[in-house]
Amino acid sequence: MAADTMLDAFHLSRVGARAEHDGMLIEADLARPGGQGLLLSATCDGAALSLWTTEADWRAWLEPQLAVGELADIEAGLLPVLAAWTLAPLDGFLRAQGLPGLAEPAVAPAPAPGGECWRLTLRDGPRRLPLYLREAPRDWLAALRPSREQTHQLALGLGWCLLPEQDWDTVAIGDALPIHGMADALDTLWLHPEATPGRLRLIDAERAVVEAPSPGLDQVPSGTLRLAVEAAAIRVSADALADWQAGREIAAQTAAHPMLRLTAEGRLWAQGQLLRLDDGWAARILARG
């Protein structure tokens, strides 16, 4: 699984998933790294694995057992040993699951991966080491199971508004932006429209049915602002996401927003109301930001 893979329902269920091994906690979430750091690499059953972290976090993680200087000053022959030591908790966890362990550990300086990616955080008492996945086998997160009690609150979207980024400043109160990708029925909405695994049809405020797969948007051209038109929020169990199947009825708590929310990359760009047009639907802008 590449670090920037679009989320499907299975991977969405792994946000917040955790596991324990030998008293150490491993937790998965999505985050955006930044800055300079280092890349820990290994192979897993022949497949490449690479994880990025900051040098400061790495040195703090090693410090109770071994105080090390800056990466550039460490003897080259010692680096594979330090990489293996760092990755030992993940190696032990994989082997305990009956999965192949890690081989050929290495560490080298590297810039942070671009964009949002998976982060595995190792916790051992007060110690923590965030490891950002740059490259990993596609099914590597399968070993991390969500708990039965784990739930996610996610957006439900009618579709998306598209416009050139430079045109956003000209959008005024009262303007109507066409909504793309909207279903024929208003009770059928895209789950998590920022990176959607598909649609849900709402039965009532507490139940929904997974719809058959349907195409979302084609590749959006560079320089295009893609605003998700959020109509409601839904709370759904991680188990339901992990076992996402068309036709399956799931328990889900749903609450409609008082106004449509136009969002992109976690930012609220505008609020509006649904407007019927001769050839479809639009979001009429009532407030910006």
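The values are calculated or read from the model by the stated rules, or taken from the named source; none is laboratory data. Quick caveat, the model's predicted, so the values are computed rather than measured. Virtual Cβ from ideal backbone geometry, glycine too; neighbours counted across all protein chains shown. Side chains included, ligands, DNA and RNA excluded: accessible areas come from the protein's heavy atoms. Shrake-Rupley method; radii C 1.70, N 1.55, O 1.52, S 1.80 Å.
Observations
- Only one entry of Gly98, Gly34, Gly69 meets the criterion of being closer than 27 Å to Arg145 by Cα, at pLDDT below 90, in a loop (DSSP other than H, G, I, E, B) and of a type in the set (Gly, Ala, Ser), and that entry is Gly98.
- Residue that is nearest to Thr224 (Cα to Cα), among those in the stretch 248-261 that are modelled with pLDDT of 95 or more and open to solvent by less than 80 Å² (accessible area, probe 1.4 Å): Arg261
- The set of residues in the stretch 120-130 being of a type outside the set (A, V, I, L, M), under 16 Å from Glu55 (Cβ atoms) and open to solvent by less than 10 Å² (accessible area, probe 1.4 Å) consists of Pro130 alone.
- Among residues of the stretch 206-216, those that are farther than 17 Å from Leu186 by Cβ and either surrounded by 15 or more Cβ atoms within 10 Å (Cβ to Cβ) or in contact with a His (Cβ under 7 Å, 6 or more places away or on another chain) (or both), counted: 2
- Pick from the stretch 234-247, criterion under 14 Å from Gly198 (Cβ atoms) and either hydroxyl-bearing (Ser, Thr, Tyr) or open to solvent by 70 Å² or more (accessible area, probe 1.4 Å) (or both), ranking: nearest to the chain's Cα centre (by Cα): Asp243
- Residue selected from the stretch 217-233 under the condition of a type outside the set (Val, Ile, Thr) and in a loop (DSSP other than H, G, I, E, B), by the criterion least open to solvent (accessible area, probe 1.4 Å): Gly223
- Beta carbons closer than 7 Å, at least 6 apart along the sequence or on distinct chains, pair a first residue in the stretch 150-172 that is within 29 Å of Arg235 (Cβ to Cβ) and hydroxyl-bearing (Ser, Thr, Tyr) with a second that is modelled with pLDDT under 95 and assigned to a helix (DSSP H, G or I) for Thr151/Ala238.
- One residue alone among Ala72, Ala96, Ala67, Ala56 is open to solvent by 50 Å² or more (accessible area, probe 1.4 Å), out of contact with any Leu (no Cβ under 9 Å at 6 or more places or on another chain) and within 22 Å of Ala238 (Cβ to Cβ), and that residue is Ala96.
- Residue pairs whose Cβ atoms lie under 9 Å apart, separated by 6 or more positions or on different chains, with the first residue in the stretch 262-289 and under 27 Å from Glu116 (Cβ atoms) and open to solvent by less than 30 Å² (accessible area, probe 1.4 Å) and the second among the β-branched types (Val, Ile, Thr) and assigned to a strand (DSSP E or B), are Leu262/Val229; Leu262/Ile285; Thr263/Val229; Ala270/Thr263; Ala270/Ile285; Gly272/Val229; Gly272/Ile285; Ala283/Val229.
Condition check ((1) surrounded by fewer than 20 Cβ atoms within 10 Å (Cβ to Cβ); (2) not in a strand (DSSP E or B); (3) not small (Gly, Ala, Ser)) across all residues:
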{"site": "His11", "(1), (2), (3)": "no, yes, yes"}
{"site": "Asp29", "(1), (2), (3)": "yes, no, yes"}
{"site": "Thr43", "(1), (2), (3)": "yes, no, yes"}
{"site": "Leu51", "(1), (2), (3)": "no, no, yes"}
